[in-house]
Each structure stands twice: as C-alpha cells, then as structure tokens.
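Contents: one structure, followed by commentary.
Here, each number is a calculation from the coordinates, and none is a lab measurement. Remember, predicted model here, so these are calculated numbers, not experimental data. Every residue, glycine among them, receives a Cβ derived from its backbone with ideal geometry; neighbour counts consider all protein chains shown.
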Amino acid sequence: MNVKNCKKCGNIFMFDGFDICQKCRRIREEEFQLVKNYLREHPKATIIEVEAETKVSVDSIEQFLREGRLEISKDSPIFLKCLRCGENNISSGKYCNKCLLDLKEELNSVAGNIYEDISTATQREIDNILMNIEKWKK
C-alpha cells in the first residue's frame, strides 16, 4: 500500500501514479476545460483576461501550456519563454523548436545506445527521457 500527500491539497491518498489526489485532478480538469473553452471563444485574450474571466490562476494556465495540453493561436498575445534559451516565444510546451532540435541531437549523442532514435521524439517523450537521466544520476 503506497500512500502520499496530495501536492495540491495536502490530503493523504492512495498513490496511483499522480502527485495529486483524484478530487484535485477533477478540479484541475474542470479548470482546464474552462480555460480551453474560453480561449476557443476569445483567441486574442491575454493571460490576465483569461484568469479574470475563468478564475483559474495564471500559474495553472501556464502549466496547461507547458504540458502541451493547450496551444495558443498564432495571433494570441499569450506566449511562453523557452525554458532552455529563454529568448524565443513559444505557444505551447517547454522548448522552442531550435532548442527542441538541439536537445534531440544531444540526447541522441549521449543516450543513443539506450534510445534508438530520439529525432522523432515528442516534447513529452524528451521530458520523460530527461527525467530518467536525472534519476539515473542519483
């Protein structure tokens, strides 16, 4: 029996692979749907407007974008900074296209014998590989 504290509410729950309990996941999914629907109807809204109208925090909205669950339209004023270079505006995920390609090349050279071909990996797969590399270092 593996129990954990929910990272959001602090309650104890049976660990099922997520860092937050089922109740908090339901709330999070409701928030995601609110933001997604609002952005569909108001594609040029700023992140502050989205927060004000949906009552979903800027941090949560940015997390949805970083997770790749939301993608902003090309003419939206909402952009994220690349977590690697910090310079390029991106509409979803963690890395700009240039950094994503660089990461794939670096991972192919370092972990090529473990992962057959990283050049076709998605951003989520690259994040998982990076997490595994961090675990191996420990």
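A few comments on the model shown:
- Taken one residue at a time, the phi angles of segment 4-19 give Karplus couplings (6.51, -1.76, 1.60, θ = phi - 60°) of 9, 8, 5, 6, 9, 9, x, 5, 7, 8, 6, 5, 10, x, 10, 7 Hz. Gly and Pro are set to x.
- Nearest-20 debye value, segment 3-78 charge dipole, Cβ charges on Lys, Arg, Asp, Glu: 300 debye
- Cα gyration tensor shape of segment 40-89, rounded if a/c is under 1.5, else prolate or oblate by comparing a/b with b/c: prolate
- Estimated FRET transfer efficiency (residue 33, residue 125; beta-carbon r; R0 35 Å; 0.05): 0.85
- Net charge dipole size for the chain [Lys, Arg +1 and Asp, Glu -1 on Cβ; Debye, nearest 20]: 440 debye
- Candidates per chymotrypsin sites (Phe, Trp or Tyr not before Pro) in segment 50-95, loop by DSSP, up to 15 other Cβ within 10 Å: 79
- Distance violations [Cα-Cα > 20 Å] among 36/74; 7/104; 4/36: 7/104; 4/36
- Global form of segment 3-78, assessed from the alpha-carbon gyration tensor, a/c cut-off 1.5: prolate
- Given charges at Cβ of Lys, Arg, Asp, Glu: the chain dipole, positive-most of 123, 21, 82: 21
- Residue 93 long-range amide H proximity, modeled H, under 5 Å: 66, 67, 68
- Converting phi to 3J(HN,Hα) with the Karplus coefficients 6.51, -1.76 and 1.60 and the offset θ = phi - 60°, segment 93-105 yields x, 10, 10, 6, 4, 5, 5, 4, 5, 4, 4, 4, 5 Hz in sequence order, with x at every glycine or proline.
- Overall shape: oblate for the chain, with the ratio a/c of the largest to smallest alpha carbon gyration tensor axis at 1.5 or above and b/c at least equal to a/b.
- The relative contact order of the chain, computed from alpha carbon pairs under 8 Å that lie at least 6 residues apart in sequence, is 12 percent.
- Taking the charge dipole of the chain about its Cα centre, with +1 at Lys and Arg Cβ atoms and -1 at Asp and Glu Cβ atoms, the residue from 50, 95, 108 reaching farthest to the positive side is 50.
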